[in-house]
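Chemist: Before I ask anything, let me first share the structure, which is written out below as structure tokens.
The values are calculated or read from the model by the stated rules, or taken from the named source; none is laboratory data. As the structure is a prediction and not an experimental result, all values here were calculated from the model. Every residue, glycine among them, receives a Cβ derived from its backbone with ideal geometry; neighbour counts consider all protein chains shown. Each accessible area value is taken on the protein alone, full model and side chains, heavy atoms only, with ligands, DNA and RNA left out. Shrake-Rupley method; radii C 1.70, N 1.55, O 1.52, S 1.80 Å.
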Amino acid sequence: MAAFWWIVHKDLVSEFRSRSAWPAMLLLGIVVALLFSVQMDLLPEHKRQIVGGLLWLSVFFAGATVFERSFAAERQDGCWDAMQLLPVSPSTVFFAKLTVNVLALAVLEGLLIPLFFVLSDLPLMAHAHQLALIGLLASPALAAVGTLVSALAPGAGKSGSLLVLVVLPLVFPVMLAAAECTRLALENRIDDAWWRWIQLLGVCAVVFVTAGMLLFEYAIED
């Protein structure tokens, strides 16, 4: 636990000092949200059908900015080789990086979800609990895949488009389930169909986090 919190603290302090990833993530999310809102000149019932997909696409593309920077510091000046000499298990490193990425997604969602619903003129507070549950399940699944792929691709920091192209097909079930949950919630259809999509999100979160933990050790081998 001490090593886990040390890595989380290191990454958060490093980002606070350099401000290299999170401001870019937030700015990109706002720009994408504004672009999508300009195109949503639709009736309210039509907006409810598409806003979920647009919202989670914005979260993914903006979050990829943080994913691609997950191991940027460790790849520089031989820092990664030095970290491997420490008595820290690969799973501890993975969960620390995962935690930082989940925190980044939580900040992003806290900004984008209200912004989307203000711009689209849809009722947010009536569905705040459902949206919080969707974000709670979707964020670990997205972050687990992004963290693992970032470790697999040393050059991802120089070519973010490569990471996006690899991660997007892998997280398609998460994006689809999150979009459908959001659509059904906005339509006040908290029924069996909504819970099935929520269950799919939960399964994806467990499977992706577990797979990331098991595969991370092989991903960081030279």
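Chemist: Output the qualifying pairs, or none if there are none: Cβ atoms under 9 angstrom, residues six or more apart or on different chains, first residue in the stretch 196-213 and in contact (Cβ under 8 Å) with a residue 12 or more places away in the chain and farther than 20 Å from SER91 by Cα, second residue in a helix (DSSP H, G or I) and β-branched (Val, Ile, Thr).
Modeler: TRP197/ILE134; ILE198/ILE134; LEU200/VAL174; LEU201/ILE134; LEU201/VAL174
Chemist: What number of residues in the stretch 93-106 are under 10 Å from the mean Cα position of the chain (by Cα) and open to solvent by 50 Å² or more (accessible area, probe 1.4 Å)?
Modeler: So the answer is 2.
Chemist: Another one. Of the residues ALA179, ALA205, only one is open to solvent by less than 50 Å² (accessible area, probe 1.4 Å) and closer than 22 Å to PRO123 by Cβ; which?
Modeler: Going through ALA179, ALA205 in turn, just one is open to solvent by less than 50 Å² (accessible area, probe 1.4 Å) and closer than 22 Å to PRO123 by Cβ: ALA179.
Chemist: While we're here: So, VAL51, is that one surrounded by 14 or more Cβ atoms within 10 Å (Cβ to Cβ), at pLDDT 75 or above, within 27 Å of LEU215 (Cα to Cα) and among the β-branched types (Val, Ile, Thr) or not?
Modeler: No, not satisfied.
Chemist: Related question: Every residue in the stretch 4-14 that is open to solvent by less than 50 Å² (accessible area, probe 1.4 Å) and touching a residue at least 40 places away in the same chain (Cβ under 8 Å), please.
Modeler: Correct list: PHE4, ILE7, VAL8, ASP11.
Chemist: Do the conditions hold for LEU122, that is, is it free of Cβ contacts under 8 Å to residues at least 12 places away in the same chain, open to solvent by 10 Å² or more (accessible area, probe 1.4 Å) and either touching a Gly at 6+ places or on another chain (Cβ under 8 Å) or of a type in the set (A, V, I, L, M) (or both)?
Modeler: Criteria not met by LEU122.
Here's the yes/no breakdown for (1) in contact with a Phe, Trp or Tyr (Cβ under 6 Å, 6 or more places away or on another chain); (2) open to solvent by 70 Å² or more (accessible area, probe 1.4 Å); (3) modelled with pLDDT of 90 or more:
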| position | (1), (2), (3) |
| --- | --- |
| ALA141 | yes, no, yes |
| LEU170 | no, yes, yes |
| VAL209 | no, no, yes |
| LEU215 | no, yes, no |
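Chemist: Would you please name the residue that is nearest to ILE220 (Cα to Cα), looking only at residues in the stretch 86-101 that are among the polar types (S, T, N, Q) and not in a loop (DSSP other than H, G, I, E, B)?
Modeler: Applying the filter and picking the extreme gives SER91.
Chemist: Here is a further query. Only one of SER150, SER159, SER120 is at pLDDT below 90 and under 15 Å from ILE50 (Cα atoms). Can you tell me which?
Modeler: SER120
Chemist: Please state which one of VAL31, VAL38 is at pLDDT below 75 and open to solvent by 60 Å² or more (accessible area, probe 1.4 Å).
Modeler: Testing whether each residue is at pLDDT below 75 and open to solvent by 60 Å² or more (accessible area, probe 1.4 Å) leaves just VAL38.
Chemist: Limited to the stretch 182-202, what total is found for residues that are surrounded by fewer than 20 Cβ atoms within 10 Å (Cβ to Cβ), assigned to a helix (DSSP H, G or I) and of a type in the set (S, T, N, Q)?
Modeler: Matching residues across the stretch 182-202 total 1.
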